[in-house]
Amino acid sequence: MTALQAQPPLTVRVFVQRCSATRLGATLARRLAVWKLDVWGIAYGTPFSDDVALLVAELAANSVLHGRVPGRDFELRLSYAYGTGVVRVEISDTHEARPDPAAVPPPGPEADGGRGLVIVEAIAARWGVTDRVGPGKTVWAETETEPVAR
């Protein structure tokens, strides 16, 4: 008879905040994300914290620029699984337009924009788009660091 082995506990921290669909709201989302990571033990200014800040900044900016519906906010959801070291960033808005993760074209050398999802793809371990409750979509990205014992 084989002995049962206990699974190590998995502690997940989650932070959710609605922000106005403005540039100021996107800035607030980025600042709140790095603050919350610092509270959770991922020091501000470390390369991993900077990567998450960049993911939040790009996804929030895309939501404000391309996903804005007048009178509607966007939502930041940040989760951190201590046991696996995975940080998941989710930005939800109420616009129906969806980016296609399989077709992120690089912008031309003279283009003023279009680099946001290229940056997300370069930094994130994986990213995608899912449905949300109600109208709109959630664009998410995951990145990994060394697991922290809790």
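List of remarks:
- When the residues Tyr80, Tyr44 are ordered by accessible surface, computed with a 1.4 Å probe over the protein chains alone, the sequence from largest down reads Tyr44, Tyr80.
- The value obtained for region 1-99, namely the Cα convex hull volume divided by the number of residues, is 130 Å³ per residue.
- Phe15 sits among other residues whose Cβ lies under 14 Å from its own Cβ, and their net charge, with Lys and Arg +1 and Asp and Glu -1, is +4.
- For region 1-98, the solvent-accessible area with a 1.4 angstrom probe is 58 square angstrom per residue.
The values are calculated or read from the model by the stated rules, or taken from the named source; none is laboratory data. Since the model is a prediction, treat every value here as computed from it, not as a measurement. Glycine also receives a Cβ, built like all others from the backbone with ideal geometry; neighbour counts cover every protein chain displayed. These accessible areas exclude ligands, DNA and RNA; they are computed on the full protein's heavy atoms, side chains included. Shrake-Rupley method; radii C 1.70, N 1.55, O 1.52, S 1.80 Å.
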